[in-house]
Amino acid sequence: MTSPAPRLPFSRPPAFVAPGRDGAPRVLLLGSGELGKEVAIELARLGVEVVAADRYAGAPAMQVAHASRVLDMGDPVALRALIDEVAPDVVVPEIEAIATQVLVDVEATGRVIVVPTARATALTMDREGIRRLAAETLGLATSPYRFVDTLAGLRAATAAVGLPCVIKPVMSSSGKGQSVIRTPDDVAAAWEYAQTGGRVAASCPGGSGGPDETGVRVIVEGFISFDYELTLLTVRHTGGTTFLDPIGHTQVDGDYRESWQGQDVPDVVVRRAQEIATAVTDDLGGYGVFGVEVFVVGEEVIFSEVSPRPHDTGLVTLVSQDLSEFALHARAILGLPAGDVTRIGGPGQEAAASCAVLAEGEGVPVVTGVELALAVPTAQVRIFGKPSVSGRRRVAVALARGADVAEARARARAAAAALRIELV
Ligand SMILES: Nc1ncnc2c1ncn2[C@@H]1O[C@H](COP(=O)(O)OP(=O)(O)O)[C@@H](O)[C@H]1O
Ligand SMILES: [Mg+2]
């Protein structure tokens, strides 16, 4: 299915007035992490007023927005009150954990554009919605899968999809609650981990419930021994659909660590990935950047998942393109053309890479060594300014270019290693 032509947030061509003045375009960011911070900066560059919301004060995007609000965006009453109060032209979800029914309702009023569409945010917040759409409606190749909500169901599902397999809460991101089941002995621990690790933890994890007791719903996927995985950033904008150069990446425990552009990907794989991205993003509709994740085995391309927003592996575009994924998102969601992308980096800088910098523990992250990181050729850093950390969190990213992927990655890693993170 191809969705109807997206609605535009403003009369065409958009009129820009100083932020805060009557008639000024206003964007409400739902989620104010490091990706939202870059989107807020790009919107501000175009003179757009940005109100940044999250569940805690001082979040990265709040530090660069015109105003901020603190609330639980999963609470439908609070979210509806926020949208009524801020009266934005455009609502830009940055995270998945949002009361998406409210987005459906406000979109239906016709007064607010939800990016890319309310339906897309609802389908992608839940692994079941997007997986069934991709595999069953669109007929795309995916890993074999089952959805279950009991331990007994999990045992049957692992037998059906085969071992090894991957288990993930349907409501989860960044690898939370996700693990690999290699033998039947792993099943109980994997179930327990999924019950506590997702966004919606079981009400009594580890309780005395039997194998048939309903818990947090999970997807069980056959493990794909891929040669490599890619993110294909796909921009839907008034000028059409634009694909960025594929991004290679590594994940540890389901969480992104390094990403790069400039990898030699066979044309047939790129074409197939673009076909998959077209099928998925045409169905989801709306305007904006999508991160389409695929696994590649030989020349076979397998759809994994999609973010209807800039992707963490796309941080590399901050140094690889004249317009980053965040700049392109800002343009696209305002109803502006976003198809004119130029790779940057002259001879000897054909590839680019990012390396995430993590802190683990409790406290306020203090970053030093920036001067050493920036001594690495071509290196740049973004420090997210997170007010505190609890658990394992990304606090900065190192970026660099190089003659090939190996050199760009080595430089990004060297810059990341030069940063010292202390929690005080
Ligand atoms: N079925 C699978 N087979 C092999 N690896 C997988 C599979 N599912 C996930 N992974 C690995 O885990 C990473 C995170 O999984 P993903 O489904 O993208 O979750 P998240 O929403 O947390 O990003 C993937 O990028 C990939 O490296
Ligand atoms: Mg992913």
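The values are calculated or read from the model by the stated rules, or taken from the named source; none is laboratory data. What you see is a predicted model, and the numbers here were worked out from it, not measured in a lab. Positions of Cβ are backbone-derived with ideal geometry, glycine not excepted, and every protein chain shown enters the neighbour counts.
Observations on the model:
- Matching residues in the range 285-307 - criterion: being within 14 Å of Leu244 (Cβ to Cβ), within 16 Å of ligand 1 (Cβ to nearest atom) and of a type in the set (Gly, Ala, Ser): Gly291, Ser307
- Residue pairs whose Cβ atoms lie under 6 Å apart, sitting 6 or more positions apart in sequence or on different chains, and linking a residue in the range 348-361 that is under 16 Å from Ala414 (Cα atoms) to a partner that is part of a strand (DSSP E or B) and of a type in the set (Phe, Trp, Tyr), are Ala353/Trp260.
- Residues in the range 256-280 that are within 16 Å of ligand 2 (Cβ to nearest atom) and in contact with a Lys or Arg (Cβ under 8 Å, 6 or more places away or on another chain): Glu258 alone.
- Cβ-Cβ under 8 Å pairs, at least 6 apart or on other chains, the range 288-305 side farther than 18 Å from Ile95 by Cα, far side hydroxyl-bearing (Ser, Thr, Tyr) and more than 16 Å from ligand 2 (Cβ to nearest atom): Val297/Ser225
- Residue within the range 75-83 that is surrounded by 16 or more Cβ atoms within 10 Å (Cβ to Cβ), touching a residue at least 24 places away in the same chain (Cβ under 8 Å) and under 19 Å from Phe326 (Cα atoms) present: no
- Reported count of residues in the range 180-200, each being of a type outside the set (A, V, I, L, M, F, W, C) and surrounded by 16 or more Cβ atoms within 10 Å (Cβ to Cβ), is 7.
- Test: residue in the range 399-411 that is of a type in the set (A, V, I, L, M, F, W, C) and more than 21 Å from Asp264 (Cα to Cα): no
- Strands (runs of 3 or more DSSP E) lying entirely in the range 26-94 (those with 3 or more residues that are within 21 Å of the chain's Cα centre (by Cα)): 26-30, 49-54, 90-93
- Every pair of residues 6+ apart whose Cβ atoms lie under 7 Å, when the first sits in the range 84-98 and is under 16 Å from Leu35 (Cα atoms) while the second is among the charged types (D, E, K, R) and at pLDDT 95 or above: Pro93/Arg309; Glu94/Arg309
- Residue match in the range 379-401 (condition: at pLDDT 95 or above and over 24 Å from the mean Cα position of the chain (by Cα)): no
- Failed condition for Gly177, given (1) surrounded by 20 or more Cβ atoms within 10 Å (Cβ to Cβ); (2) modelled with pLDDT of 95 or more; (3) part of a loop (DSSP other than H, G, I, E, B): (2)
- Test set (1) within 29 Å of Met125 (Cα to Cα); (2) assigned to a strand (DSSP E or B) - Arg401 fails condition number: (1)
- Selection from the range 283-329 of residues that are under 18 Å from the mean Cα position of the chain (by Cα) and among the acidic types (Asp, Glu): Glu293, Glu305, Asp312, Glu325
- Residue list for the range 285-326, filter: within 16 Å of ligand 2 (Cβ to nearest atom) and aliphatic (A, V, I, L, M): Val289, Val292, Val294, Val296, Val301, Ile302, Val306, Leu315, Val316
- None of Arg111, Arg119 is assigned to a loop (DSSP other than H, G, I, E, B) and charged (D, E, K, R) except Arg111.
- Positions within the range 325-378 being touching a Phe, Trp or Tyr at 6+ places or on another chain (Cβ under 8 Å) and closer than 21 Å to Leu46 by Cα, in sequence order: Ala332, Ile333, Leu334, Gly335
- Considering residues of the range 308-358 that are hydroxyl-bearing (Ser, Thr, Tyr) and buried (at least 24 other Cβ atoms within 10 Å of the Cβ) only, the residue nearest to ligand 1 (Cβ to nearest atom): Thr313
- Of the residues making up the range 326-379, those that are of a type in the set (Asp, Glu) and under 30 Å from Thr281 (Cα atoms) are Asp340, Glu350.
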